[in-house]
1. Note the listed values (1) 1.12; (2) 0.95; (3) 1.09, then indicate which one is Rg/Rh (Cα atoms, Kirkwood Rh) calculated from this particular structure.
2. Residue separation times 0.36 nm, minus the C-alpha to C-alpha distance between residue 145 and residue 216: what's the value?
3. Plugging the Kirkwood radius over Cα pairs into Stokes-Einstein for segment 1-103, at a temperature of 37 °C and a viscosity of 0.692 mPa s, what D comes out in µm²/s?
4. Which aspartates and glutamates, if any, have their Cα less than 15 Å from the Cα of residue 112, not counting same-chain residues under 8 positions apart?
5. What nm value, rounded to one decimal, do you get for the distance between residue 2 and residue 203 when each label is placed 7 Å out toward the C-beta?
6. Pick from 145, 92, 37 the residue whose mean-square fluctuation is largest in a GNM of the chain, springs joining Cα atoms under 10 Å.
7. With helices defined as uninterrupted DSSP H runs, which ones in the chain have an alpha carbon span along their own long axis of at least 24 Å and mean Kyte-Doolittle hydropathy of at least -1.0?
8. Just need the relative contact order of segment 129-238 here, percent rounded to a whole number, with Cα pairs under 8 Å and 6+ apart.
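The values are calculated or read from the model by the stated rules, or taken from the named source; none is laboratory data. Model, not experiment: these values are computed from the prediction. Here the Cβ positions follow ideal geometry from the backbone for every residue, glycine too, while neighbour counts run over all protein chains shown. Just so you know, the surface numbers come from the protein's heavy atoms only, side chains and all, with ligands and any DNA or RNA stripped out. Shrake-Rupley method; radii C 1.70, N 1.55, O 1.52, S 1.80 Å.
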Amino acid sequence: MSEYRKTVEVMECDRFAQLSPKQILEHCLSLTLIDIERDGCGKAAIFDTCGAIWMISNMRFYQYAPIYPHDEIVYRTFPRVIGKNRYILYVEICRGEECVIRFDTAYIPVHKQQRHLVSLSLLDPLWTAPARTSDYPALRPLRPECAFSDCGSDTVRLSDCDINGHMTSGAYLSLACDAAGFWESETPRLMRMMQVDFCSEVMPGTLLRFERGEENGACIVRGVKPDGKVAFVASCVF
């Protein structure tokens, strides 16, 4: 386990004056990538070995209390769990003795040019830290069966994209929160659970159409590209 300490900045918080889902994701990804680099499987190592880059297939967090500006928080990161064609990285965010967020995400190695999954067997020898087992609930893809209705659209901007040329994982979360209506409240509320499955890459200039439904107490949102391919599926409980 590694620990990273941080003071939450005002500009990292949303209209409810809370650390936003996008920032929760981006903080956790940044720190787990530091761990991955330290443990032998950083960006340069996997590209030199098999032409791969890291991508995120899905993420999920449970939040038990809001995080506010100026809060002193500790991120505790844990070694990977090996899943089918993916590594699961887990993070706890604590304020004092209180665990306020439990977060996990699935990293997948993808061939940069050919865009196919790379076998974990090619990367396993690179790791200097051992994997671990976990009894934390498995991070499984969402399979919603609810009815959906249209709930708007948005165009992906260049400012939503990263050096790889497609929309960042954090931008997916912000679009999902908007489509779910999370911030459409006069009083602050808590995103108690959020899972996002990143189904396909989205390039700048793409018009995404959003669909919304409800299932088992969760708001389900899909982003659909003009060709009908699903860009993401999100489950939100707030």
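1. Identified label for the calculated read-out: (2).
2. The span from residue 145 to residue 216 would gain 24.5 nm if fully extended.
3. After rounding, the answer is 223 µm²/s.
4. Partners found: 48, 162, 201.
5. That separation, rounded to one decimal, is 3.4 nm.
6. 145
7. Once both thresholds are applied, what remains is 21-38.
8. After rounding, I find 32 percent.
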